[in-house]
Amino acid sequence: MPVQIFQASTLYGAATLAAALDAGRFGPADQARRVLLLTNNAAVPEVAPRLTDMTGHQEIATRFDQVEDFNEAIAPHHPGGWQPRPDDAPLWERVLRTRWRLGTGPVTLVVESIQVSPARSLATVFAGAPVHVYADGLMSYGPTRDEPPHSVAVRIQRLLHLDLVPGLRPLLLSEFGVEPELVPHDAFRAVLSELSRAAAGDPEVARAAEAAPTALLLGQYLAALDILTADEEEDLHVRMLRAAAAAGHRSVAFKPHPTAPVRYGEALEREAAAAGVRLTTLRGTLLAEVFYARLPLELVVGCFSTALLTAAEYYGIPTGRVGTRTVLRKLTPYENSNRVPLVIVDHVVPDLEAGATAELPETPPTLQPLLEAVGYCMQSARYPWLRAGAERVLSQAAGDPDAFRDGPYAAYFTTERLTELRLPGGRKRRALLRQALARGRREAASRS
């Protein structure tokens, strides 16, 4: 019987796969043996939360014939850094087929982040397998970070993704002609409801419900990604709390990243006491979406978490952002894949610190061309056909002398990158624009 291997590193990703299966995106269940392959990509997997221990895992696992652990299969190698040598790939295929009882029949791979391991290592081991890529977050809307080998790229069948920003078309893998395909909204919402029901008796949910918070703050642990320092991230959370308090919320919940240090909650406790706000810190491994379903939330605050968009799109909870542009300006290198989620959130989610009112985001018609311009600047050699559109977007912005000084474009694009690519907004183009504007003013003055 054919085998389908579904690789997942997060419960959110596994939920995306479950929704795709429920919607029939991989055919009838009785026509293939389905294997859920769990990978733990944390820097130190031994101390990180295991997906099998998370509430809701058992419900998702019922869709599969077996569940396997990739970390155990390749130990002592780390799944995020291990890449088998080409000469060893046939041997590894035999080893894994035997270990996972796959037989000798055809294998199909369904993986996340094909440009890096463990997805890339799986594609190397199962060298003849068709590859389906799924994306569980906002990065699917951005360019491919690292180009997969040609031998892998030609096997990619499609990109499955959630409709987190309705109408927005992903750039990921488009350079290979890979077509995006939506995981149906109703199917994913049904899986999230299933996870919420599984958490009904969880003591963390009961404790949070007792406090009845009306606002929830999302932590991402950006210090672990070297995007912010620990002190800067701690301050970011404090700013979120202040924004929620300024919006009138007196009971607030904070959901830190599961691996974030305890000190983050301590700093918020002090700030909450000073602001007269009741703070409930949600420890544990439950998805934020469980709390969306279980708490009387009127506001979700974050920096650029995907969970901001799921709150709005799947639960109808108004959202607000804090610190998004601050992080954008600090993000390096320019090619960093987090740039696209940051630009999306900055463009569609209201800035609470600027006095905006939280609301349900809409997809403005300017977002697609803007993201394509950002994508071109991030990976110009890979997407040369996007240059003309980038020039149009940047030329329109360059008509405003302040666009690249104080406006959002100063955060979306760096002068250095625009100069390097000889695009409007770069240093040479800016000087020419200033000269043209000054000349135009002089000519207008002389005519009058």
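Scanning segment 52-99 for residues that are assigned to a loop (DSSP other than H, G, I, E, B) and without any contact (Cβ under 8 Å) to a residue 40 or more places away in the chain returns 62, 65, 75, 76, 77, 78, 80, 81, 82, 85.
Condition check ((1) surrounded by 18 or more Cβ atoms within 10 Å (Cβ to Cβ); (2) assigned by TED's automatic domain parsing to the domain that holds residue 233) across all residues:
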| residue | (1), (2) |
| --- | --- |
| 301 | yes, yes |
| 328 | yes, no |
| 359 | no, no |
| 372 | yes, no |
| 390 | yes, no |
| 393 | yes, no |
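Could you say which residue among 97, 63 is closer than 24 Å to residue 199 by Cα and modelled with pLDDT of 95 or more? Unique residue meeting the criteria: 63. Do the conditions hold for residue 92, that is, is it surrounded by 13 or more Cβ atoms within 10 Å (Cβ to Cβ) and touching an Asp or Glu at 6+ places or on another chain (Cβ under 6 Å)? Against the criterion (surrounded by 13 or more Cβ atoms within 10 Å (Cβ to Cβ) and touching an Asp or Glu at 6+ places or on another chain (Cβ under 6 Å)), residue 92 does not qualify. The set of residues in segment 121-152 being buried (at least 16 other Cβ atoms within 10 Å of the Cβ), out of contact with any strand residue (DSSP E or B) (no Cβ under 8 Å at 6 or more places or on another chain) and within 15 Å of residue 93 (Cβ to Cβ) consists of 121, 124, 125. Taking the conditions (1) of a type outside the set (D, E, K, R); (2) surrounded by 17 or more Cβ atoms within 10 Å (Cβ to Cβ); (3) closer than 26 Å to residue 22 by Cα; (4) modelled with pLDDT under 95 in turn, residue 192 satisfies each one other than (4).
Looking only at residues of segment 388-406 that are without any contact (Cβ under 8 Å) to a residue 24 or more places away in the chain and part of a helix (DSSP H, G or I), we find that the one that is farthest from residue 178 (Cα to Cα) is 396. Residue count for segment 308-322 satisfying the condition of being surrounded by fewer than 23 Cβ atoms within 10 Å (Cβ to Cβ) and in contact (Cβ under 8 Å) with a residue 60 or more places away in the chain: 2. Out of all the residues in segment 251-265, is one or more modelled with pLDDT of 95 or more and either out of contact with any helix residue (DSSP H, G or I) (no Cβ under 7 Å at 6 or more places or on another chain) or more than 23 Å from residue 192 (Cβ to Cβ) (or both)? Yes, segment 251-265 has at least one match. Among the residues of segment 9-25, those that are out of contact with any strand residue (DSSP E or B) (no Cβ under 6 Å at 6 or more places or on another chain) and either modelled with pLDDT under 95 or closer than 23 Å to residue 78 by Cβ (or both) comprise 9, 10, 11, 12, 13.
Every residue, every condition in (1) surrounded by 23 or more Cβ atoms within 10 Å (Cβ to Cβ); (2) of a type outside the set (Asp, Glu), yes or no:
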residue	(1), (2)
8	yes, yes
47	no, yes
54	no, yes
68	no, no
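Listed conditions (1) in a loop (DSSP other than H, G, I, E, B); (2) out of contact with any Ser or Thr (no Cβ under 8 Å at 6 or more places or on another chain); (3) touching a residue at least 60 places away in the same chain (Cβ under 8 Å) are all met by residue 110, apart from (1). Residue 155 satisfies every condition listed in (1) touching a strand residue (DSSP E or B) at 6+ places or on another chain (Cβ under 8 Å); (2) among the charged types (D, E, K, R); (3) under 18 Å from residue 309 (Cα atoms) except (3). Condition (residue is free of Cβ contacts under 8 Å to residues at least 60 places away in the same chain, hydroxyl-bearing (Ser, Thr, Tyr) and touching a Pro at 6+ places or on another chain (Cβ under 9 Å)) applied to segment 336-345: is it met by at least one residue? Among the residues of segment 336-345, not one is free of Cβ contacts under 8 Å to residues at least 60 places away in the same chain, hydroxyl-bearing (Ser, Thr, Tyr) and touching a Pro at 6+ places or on another chain (Cβ under 9 Å), which makes the answer no. For segment 206-245, filtering for residues that are crowded, with 22+ Cβ neighbours inside 10 Å and without any contact (Cβ under 8 Å) to a residue 12 or more places away in the chain leaves 0. Assessment of segment 246-253 against the conditions (buried (at least 18 other Cβ atoms within 10 Å of the Cβ) and in contact with a His (Cβ under 8 Å, 6 or more places away or on another chain)) yields no matching residue.
The values are calculated or read from the model by the stated rules, or taken from the named source; none is laboratory data. Note that the structure is a prediction, hence the values are computed from the model and not measured. Note that each Cβ is placed from the backbone with ideal geometry, even for glycine, and that neighbours are counted across all protein chains shown.
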